[in-house]
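One structure below.
The values are calculated or read from the model by the stated rules, or taken from the named source; none is laboratory data. Since the model is a prediction, treat every value here as computed from it, not as a measurement. As a convention, Cβ positions derive from the backbone with ideal geometry for all residues, glycine included, and neighbour counts pool all protein chains shown.
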Amino acid sequence: MQKIANPPRHIALIPDGNRRWSRLNKLRLLQGYSMGINKFIEFATWAKEYGIKTISVWALSTENLKNRTETEMRVLFGLYMRAAKDPKILRRLVQNRARLRIIGDRSSLPIKLREALADIERKTRNYKELTINLLLNYGGREDIVHSVQQITSEVKRNRSVKVNEEYIKEHLRTSSLPDVDLVVRTSGEMRLSGLLPWQATYSELYFAKKYWPDFDKDDFRKAIGTFSRRQRRFGK
């Protein structure tokens, strides 16, 4: 493995282009999303090889849940259920000492999926070499609204509360996430679409033209290499 100086500690991933890849290759949507899940398992392995400690992957946005067809959501939920119950995936997590965490509004997810995801969270909760945050029914604006709602409720009970940056962060669904060093988005789209607005304030951005299922280890190495050559100023 080629050494990279100063690799990112926390990568946030928007694995975009599964549907377009399916259409381009004349495959069913199920096959495209299935390829996407398998690609992420490879991605997590590459990240660990480079010493990256945290990955946050946007698996389903609040907008997806509202705007995608019922058929597409059934496909996605079925794939997530299958992945959560797949002993090979659990074995890969255990072998890599990787913890899986689910972040987002779970209330709108099917109950059996919630239970399956909670089970894999429980089975991996003590691993510390790699943390994988699965952003599921997550939206950046919704996260901020959630924080404001929690704070408003607390202020009503205790008007002496001092609301500052730290206090707002503590009430985000994503409060436990460290700041993001590098955001990677595939499929040629060059926007963040509300990904982790609090944690990604000073993130470096890398946009790949390939659809997510075609993203390979060389592409990953380019993204990491690009990050390592950038001078981060953090507003200075």
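Annotations for the structure displayed:
- A search for C-beta distances below 8 Å between a residue of the range 20-31 that is closer than 14 Å to Glu72 by Cα and touching a residue at least 12 places away in the same chain (Cβ under 8 Å) and any residue that is of a type in the set (Lys, Arg) and in a helix (DSSP H, G or I), counting only pairs 6+ apart in sequence or on different chains, returns Leu29/Arg19.
- For Val57, the requirement of being of a type in the set (A, V, I, L, M, F, W, C), modelled with pLDDT of 95 or more and crowded, with 17+ Cβ neighbours inside 10 Å is met.
- A Cβ distance below 7 Å, combined with a sequence gap of six or more or placement on separate chains, defines the contacts here; from the range 92-115, residues that are among the hydrophobic types (A, V, I, L, M, F, W, C) reach residues that are part of a loop (DSSP other than H, G, I, E, B) in the pairs Ala98/Tyr127; Ala98/Glu129; Ile103/Arg173; Ile103/Thr174.
- Of the residues screened, Ala44 is not one that is of a type outside the set (Val, Ile, Thr), surrounded by fewer than 14 Cβ atoms within 10 Å (Cβ to Cβ) and touching a residue at least 60 places away in the same chain (Cβ under 8 Å).
- Of the residues in the range 51-61, not one is among the aromatic types (Phe, Trp, Tyr), touching a residue at least 40 places away in the same chain (Cβ under 8 Å) and either over 22 Å from Glu142 (Cβ atoms) or touching a Gly at 6+ places or on another chain (Cβ under 9 Å) (or both).
- Counting only helices (runs of 4 or more DSSP H) wholly contained in the range 126-229, the ones carrying 2 or more residues that are within 25 Å of Leu109 (Cβ to Cβ) and either modelled with pLDDT under 95 or not β-branched (Val, Ile, Thr) (or both) occupy 140-157, 165-170.
- Within the range 128-170, being of a type in the set (Asp, Glu) and either surrounded by 20 or more Cβ atoms within 10 Å (Cβ to Cβ) or on the phi > 0 side of the Ramachandran plot (or both) holds for one residue alone: Asp143.
- Some residue of the range 14-21 being touching a His at 6+ places or on another chain (Cβ under 8 Å), β-branched (Val, Ile, Thr) and surrounded by 20 or more Cβ atoms within 10 Å (Cβ to Cβ): no
- From Arg232, Arg185, Arg191, residue being crowded, with 17+ Cβ neighbours inside 10 Å and in contact with a strand residue (DSSP E or B) (Cβ under 9 Å, 6 or more places away or on another chain): Arg185
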